[in-house]
Every structure is written in structure tokens, then in C-alpha cells.
Amino acid sequence: MLKDGGVLVITLETEEAVIFKLIAQYVEIVGNQEYWQSSYVEANKLRKTIDDIGLSYKFETYPEYLDVSACFEQDSEEGRVLMDFLFQANLRNASSELNQQLLSLVDEVAFEQNGRKMLYLPTGTFLIPKQ
């Protein structure tokens, strides 16, 4: 429960974030569409829910970027953790073929900036005052 004058702050990726594309491609590859369709909420879905409830709120978007260069470094622990995060899966026991396929997907959506591989992961922040 919020105290009087309190504000609930929720930050989520927006639908423009490439992480959603990566996860969708991953579940296509492994065949688990039900998991994808029911488990993820991005900013526009939450906005619709808040609008349907009739709450007042302020919403701001922020450009965010993630350096994924470590994903492309041989035997990088940081790269393995990043890949798990990007695909929302434990890829430790995945075949080398699957890992290479997923790395290719990351490479397709990444861009180079100052010699680093970056992903665009914009966020949306909701500020919902106690009502």
C-alpha cells in the first residue's frame, strides 16, 4: 500500500526494445510459443491496463543501450550471462549450434558504436500517484 502522497514507479522496456524480438525468435527456434505470449509485459501493455482501470499516471520514455560486446568474446562469462539475459533462458547446456544461432540473432540487431556492439533497449517509466 502506498502512503498518502506516495508514487508507484514502474520501469519496463518499450515495444521498440530489441530484446522482445530476440526472445520471440528464441521461442520460435525452441518451440515454446505459449511461454512467450503469456509471460512478458512491455510498456504499452501496461499502459493499456492502467488506462482500462482508469488510473492517472505520468509516462516518460528513455533511450537505453546495452553493450553486448562480451557476447562475442570467446569463453566470456559476462557474455554467457548476457546471452541468458537477452533470451531469458539458461543457455549453459545449449548446444554449440544453438548458441551460435542465437549469437547470430544478436549480431543482426546490434550496432557498432566506438568499437563496441550495442543493443537498443529503450524503457518507459510510469509514475502512478496514490489515488
For the range 1-23, the count of residues that are at pLDDT below 85 and either under 19 Å from Asp84 (Cα atoms) or in contact with a His (Cβ under 8 Å, 6 or more places away or on another chain) (or both) equals 0
Among (1) hydrophobic (A, V, I, L, M, F, W, C); (2) at pLDDT below 95; (3) farther than 16 Å from Lys21 by Cβ; (4) not in a helix (DSSP H, G or I), Ala89 falls short only on (3)
Pairing a residue in the range 96-112 that is without any contact (Cβ under 8 Å) to a residue 24 or more places away in the chain with any residue that is part of a loop (DSSP other than H, G, I, E, B), where Cβ atoms lie under 9 Å and the two sit 6 or more apart in sequence or on different chains, gives Asn99/Leu91
Residues of the range 105-120 being hydrophobic (A, V, I, L, M, F, W, C), part of a strand (DSSP E or B) and surrounded by 13 or more Cβ atoms within 10 Å (Cβ to Cβ), in sequence order, are Met118, Leu119
Q.
When you scan the range 9-18, do you find a residue that is hydrophobic (A, V, I, L, M, F, W, C) and surrounded by fewer than 10 Cβ atoms within 10 Å (Cβ to Cβ), even just one?
A. yes
Within the range 67-82, residues among the small types (Gly, Ala, Ser) and part of a helix (DSSP H, G or I) come out as Ser69, Ala70, Gly79
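Okay, residues lined up against (1) farther than 22 Å from Leu103 by Cα; (2) modelled with pLDDT of 95 or more:
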site	(1), (2)
Gln33	no, no
Ala43	yes, no
Tyr57	yes, yes
Tyr65	no, yes
Val68	no, yes
Asp75	no, no
Glu78	no, yes
Of the listed residues (Ser95, Ser104, Ser56, Ser76), the one being of a type in the set (Gly, Ala, Ser) and either closer than 26 Å to Val9 by Cβ or under 17 Å from the mean Cα position of the chain (by Cα) (or both) is Ser56
Filtering the range 48-62 down to residues that are surrounded by fewer than 12 Cβ atoms within 10 Å (Cβ to Cβ), polar (S, T, N, Q) and in contact (Cβ under 8 Å) with a residue 24 or more places away in the chain yields Ser56
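The values are calculated or read from the model by the stated rules, or taken from the named source; none is laboratory data. Since the structure is predicted, the reported quantities are computational estimates derived from the model, not experimental observations. We place every Cβ from the backbone using ideal geometry, glycine too, and count neighbours over all the protein chains shown.
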